[in-house]
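See structure below.
The values are calculated or read from the model by the stated rules, or taken from the named source; none is laboratory data. Since the model is a prediction, treat every value here as computed from it, not as a measurement. Note that we place each Cβ from the backbone using ideal geometry, even for glycine, and neighbour counts take in every protein chain shown.
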């Protein structure tokens, strides 16, 4: 960002705006974008796009996610809450019956749900909302506490209960459709434990997350990645998107000595500039496969040399398959 462009006037304007908002309830103002005119005058106009919400008070330490209510969302939340309350889940994702469960066999994969069409449609409509596919929502969910809440209209549910319910649905042998199972799979990964996940795994998961500015695909992950990776990156929104992705690729390569991110270089779908070895993470693939563990060997380090600005020299071993 240009050093002459100060956010201070905008901050003062927002402060005065919030002071005139009605309270209670607490008011939340979300700044979606800040656009500065390209004219070279001293007082170039700045456009600020905002959305305002009325946020009810939540218990101390809880995180409130905000969603608008649609048809049958209340019914969907009640169904998720009932399922989740009957279950407990281990750190590795294994379900079991909770103490005092009203349905002690619900955790079994063969114990299928018998719901009417209205209930299945309400559940599907809820889990396929685009809100679950936004990168910033994923980060907020991952970094929130175990008491975090999802609010939908006047209804709410804790993330642990919702995750147990969706995980249970995902594991069932019979579901209304394959799309329903895929949506469940995606939403379960939203709250999966990020501890120990490599940058490659996080980038795999992030391919199904969208953001308005494709540059945010990398800065939006920095709260989830290792400090060693974060220390190598400097967020610069003035840089071309291909440079942001190139810096992330080289940081991962320097730390891991692995070339596994080349699997994201699909030239037929490329929409950014830069060298062909830089992955294009700008597209959103709602059904992205998890490819992080599909490696030929874990014993060898890559032999490479980066020649600025756009050359990556790699030494490989040519193998020949002979048939006797």
Does residue 174 count as under 21 Å from residue 189 (Cα atoms) and touching a helix residue (DSSP H, G or I) at 6+ places or on another chain (Cβ under 9 Å)? no
Looking only at the range 184-206, count how many residues are in a helix (DSSP H, G or I) and either at pLDDT 90 or above or farther than 28 Å from residue 101 by Cβ (or both). 9
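Going by what's in this entry, would residue 258 be described as buried (at least 16 other Cβ atoms within 10 Å of the Cβ) and part of a loop (DSSP other than H, G, I, E, B)?
yes
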Inspect the range 213-236 for any residue being in contact with a strand residue (DSSP E or B) (Cβ under 9 Å, 6 or more places away or on another chain), surrounded by fewer than 18 Cβ atoms within 10 Å (Cβ to Cβ) and touching a residue at least 24 places away in the same chain (Cβ under 8 Å) and give the result as yes or no. yes
Residue hits (the range 114-133; buried (at least 18 other Cβ atoms within 10 Å of the Cβ) and touching a strand residue (DSSP E or B) at 6+ places or on another chain (Cβ under 6 Å)) are 133
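How about the range 62-94: which of its residues are outside any helix (DSSP H, G or I) and modelled with pLDDT of 95 or more?
Across the range 62-94, the qualifying residues are 86, 87, 88.
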For the range 226-246, which positions are within 20 Å of the chain's Cα centre (by Cα) and assigned to a helix (DSSP H, G or I)? 227, 229, 230, 241, 244, 245
Just a yes or no: is a residue in the range 126-147 part of a helix (DSSP H, G or I), more than 14 Å from the chain's Cα centre (by Cα), assigned by TED's automatic domain parsing to the domain that holds residue 183 and within 16 Å of residue 84 (Cα to Cα)? yes
